[in-house]
Amino acid sequence: MGNRVVELTMRPKTKDHRRSAILLLEEAVHILRRAPLSLLPPYAIGTLPFVLALFYFWADMSRSADAQRYHAIASLGLALLYIWMKCWHVVFAAHVKMILSGEPLPQWSSQRILRLVTSQTLIHATAFFILPLAAVIALPFGWCYAFYQSVSVEAANDDGNVKMICQKAWSQARRWPRQNHILMSIFFIFGIVVFLNVASAIYILPYLVKKYLGIESLFTLSGYHVINTTFWLATMGISYLCMNPLVRTVYALRCFYGSAIH
């Protein structure tokens, strides 16, 4: 009887812990702070090449006189790097799962890697159409965003079956909608703060270097003309690199607690 009372009193706390957005954020920050050094390299290996290539692609296509001659090949290369990034996001999710559950990392055989590339290509290629459409409609955007975040997590648990990954990811996306939308609101506000800080640092840092070291640069010589589309894209890219590990860890936790219910 005493054990039954303890179990009943502990259940609401566990349920609240799983559904509280703030506690989920705190746990994700704790994981990233205490994580071993092997956690972030998979994310960096996948994301940095795509972000750097996107910077160069945008600057080159907007300023080069010969851009029309090779824009198709450059776009194909950027698309391949995007798939490369999404595959490494799955590896990052697998490392987070290892920290949470203590299970060993999956064996990445050549066949499993091929299935991973195929599934991520087929699923994430639709994000460029579905997410903007969902944003225009507004209402289903939260579920669609959670779906694509959950795909990377579920792909780390599955053998590459596209249908099964989509079913599991959609099941996770529909779970706890209030928590999901609160998390998205927090990420949006926090993203604006990070974006403004990064933009201020990029703009002010060259002037500080000039003031204290006397070194001129294109930033100081250009004045306000440095604030162009390339500047804003670089700011968004750096902000993405700063925030995305936290976002992916949070959704890995959501999927972990959602799967633990069963």
222 nm [θ] for the chain, helices only, -39500 (n - 2.57) per DSSP H run of 4+, per residue, to 500? -29000 deg cm²/dmol
Protein accessible area in the chain, 1.4 Å probe - carbon and sulfur %: 70
Rounded to the nearest whole Å², what accessible area per residue is found for the chain with the 1.4 Å probe? 59
For the chain, modelled as a Gaussian network with Cα springs under 10 Å, which listed residue fluctuates most, Ser217, Ser62, Ser38? Ser217
Checking Met61, Met184, Met85 against a Gaussian network model of the chain (alpha-carbon springs below 10 Å), the top fluctuating residue turns out to be Met61
Counting alpha carbon pairs within less than 8 Å and at least 6 residues apart, what relative contact order, in whole percent, applies to the chain? 25
For Leu37 paired with Ala65, estimate the spin-label separation in nm (one decimal), with each label point 7 Å from Cα along the Cα-to-Cβ line. 4.9
Answer in debye to the nearest 20: the dipole magnitude of the chain about its Cα centre, from +1 Lys/Arg and -1 Asp/Glu charges placed on Cβ, is 680
Considering the options Gln167, Gly258, Ala135, tell which one lies farthest towards the positive end of the dipole of the chain, charges being +1 on Lys and Arg and -1 on Asp and Glu at the Cβ, about the Cα centre. Gly258
Give me the Kirkwood hydrodynamic radius of the chain in Å, from all C-alpha pairs, to one decimal place? 20.6
Using a Gaussian network for the chain with springs between C-alpha atoms less than 10 Å apart, which of these wobbles most: Ser109, Ser171, Ser119? Ser109
How big is the Kirkwood radius of the range 50-135, worked out from every pair of different alpha carbons and given in Å to one decimal? 15.3
Percent of C-alpha pairs per 10 Å bin, the range 161-257, short to long: 13, 31, 24, 16, 11, 5
Given labels modelled 7 Å from the Cα in the Cβ direction, how far is it in nm from Val117 to Leu208? 4.3
First measure r as the distance between the Cβ atoms of Asn197 and Leu131, then evaluate 1/(1 + (r/R0)^6) with R0 = 25 Å and state the FRET efficiency to the nearest 0.05. 0.50
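The values are calculated or read from the model by the stated rules, or taken from the named source; none is laboratory data. These numbers were taken from a predicted model, which means no experiment stands behind them. Every residue, glycine among them, receives a Cβ derived from its backbone with ideal geometry; neighbour counts consider all protein chains shown. Areas reflect the complete protein model, heavy atoms only, side chains present, ligands, DNA and RNA absent. Shrake-Rupley method; radii C 1.70, N 1.55, O 1.52, S 1.80 Å.
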